[in-house]
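The next block holds one structure in the form of structure tokens; read it before the comments.
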Amino acid sequence: MSVETEDEFQKDLIAVFVQEAQEWLQQIHVALDELQQGPPPDRHLKLAQTIKAGVANLGGSAAMISLSDVERASFSTLPFIEAVQDPAAKISANDFIALCKQLGHIHAALTRATGVTFDAESTTACAESLPVTILTSNLLAALHGLQERQVKSGSFHRNLIQTVIAQVEELMKNGIGQCNVTSLRELLDRLAAGEEGFLQFVLQQLPSLTDELGRLKNGVEAPGRSPERLQAVVEQVSQLWSAAQQVNATQAMTFFMGLHSFLTVVMQQRVVVAAKKYEAVESRLFESMKTIQGWVETGRVERTAIGSVLPN
């Protein structure tokens, strides 16, 4: 075979290799992205094996066409993969960062060897976007400590800490050794948004509720005279009841359920209601409003306390 023919053949081999390398790297980075999110043990192991197989294939193919730099960079990456392979082992963010950097070396070696630019930005982004994690056992210990201080001080009343503890215990039960702090903070943020949204919804509905109770109390509106108006208020209370259920606001649920039943009876004209009864209901409505505001504020305090034991 002439030199020119050999060169052409080598170029063809490299072209095929480049295509394969791009596919392997795509699989490697997709698997690595998921691996960093702290999947269940079985999935963790499968993802690590996918990364390892992709890198080994890359190194083996590079060796076959004499791309020694790519071969060395690939096989040098295997120990870094093994460092994050065991889901039961203590895996730090630094282990993932080291693996990402090593993958960057593969990208660089590929670019030098083939003349084709292999994007190294994905490996940089990989290292920069690593989720913050904490050992599940350490987080559980910190939460139990926080709960003990809560009991001694009597400062909290919502028991959100116990809810989070139950979720972390479930992670441990499923063999997940690392807890994704980012995901936990997002959970706390969602709880906060839900409760704040509920409070705002109640505040928005309060004027029309008090107005209707006032009209009924003062005899401005007889229950049977404007059934559509009263029906709308009953539906409004039903929505408040449903909203309370969604955020697990137990006391609010109980109150709105009772108010819904009361207004339904009034609407159906099954009883004659004295003005004092309407006054009592109106008073309870304002008391319930204060309770909801206190409930939301206590939630803020507890979430802040939980956040204080999480690493940044």
Item to check | Sequence of HIS157, HIS107 once ranked by neighbouring C-beta atoms within 10 Å, starting from the fewest | outcome: HIS157, HIS107
Checklist entry - Which far-off residues, 5 or more places away or on another chain, put their amide H under 5 Å from the one on THR133, with H placed in the peptide plane? => result VAL181
Item to check | Residue-span extension gain [LEU203 to SER183] - 0.36 nm each, minus C-alpha spacing | outcome: 4.2 nm
Next on the checklist: Taking 25 Å as R0, compute the FRET efficiency from the Cβ-Cβ separation of GLU8 and VAL116 and round it to 0.05.
Outcome noted: 0.90
Item to check | Which of LEU240, LEU216, VAL296, positive extreme of dipole for region 191-301 (C-beta unit charges) | outcome: LEU216
Checklist outcome for this item: Given unit charges at Cβ for Lys, Arg (+) and Asp, Glu (-), the dipole magnitude of the chain about its Cα centre in debye, nearest 20, is 2080 debye
Checklist entry - Could you give the angle, 0 to 90 degrees to the nearest 10, between helix 160-173's Cα long axis and the longest principal axis of the Cα atoms of the chain? => result 30 degrees
Item to check | FRET efficiency estimate (nearest 0.05) - Cβ-Cβ, GLN251 to GLU170, R0 25 angstrom | outcome: 0.40
Checklist outcome for this item: With Cα coordinates, the longest principal axis of the chain makes an angle with the long axis of helix 275-308, in degrees rounded to 10, of 20 degrees
Checklist outcome for this item: Rounded to the nearest 10, the angle in degrees between the Cα long axis of helix 227-246 and the longest principal axis of the Cα atoms of the chain comes to 40 degrees
Checklist entry - What 222 nm value per residue comes from the helices of the chain, counting each DSSP H run with n ≥ 4 as -39,500 (n - 2.57) and dividing by all residues, nearest 500 deg cm²/dmol? => result -26500 deg cm²/dmol
Checklist entry - Amide H of GLN178: which non-local residues (sequence gap of 5 or more, or other chain) have their own amide H closer than 5 Å, using H built in the peptide plane? => result THR136
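Taken together, the values in this text are just the output of simple stated rules run on the coordinates, not laboratory data. Computed from a predicted structure; not experimentally measured. Every residue, glycine as well, gets a Cβ built from its backbone with ideal geometry; the counts of neighbours run over all protein chains shown.
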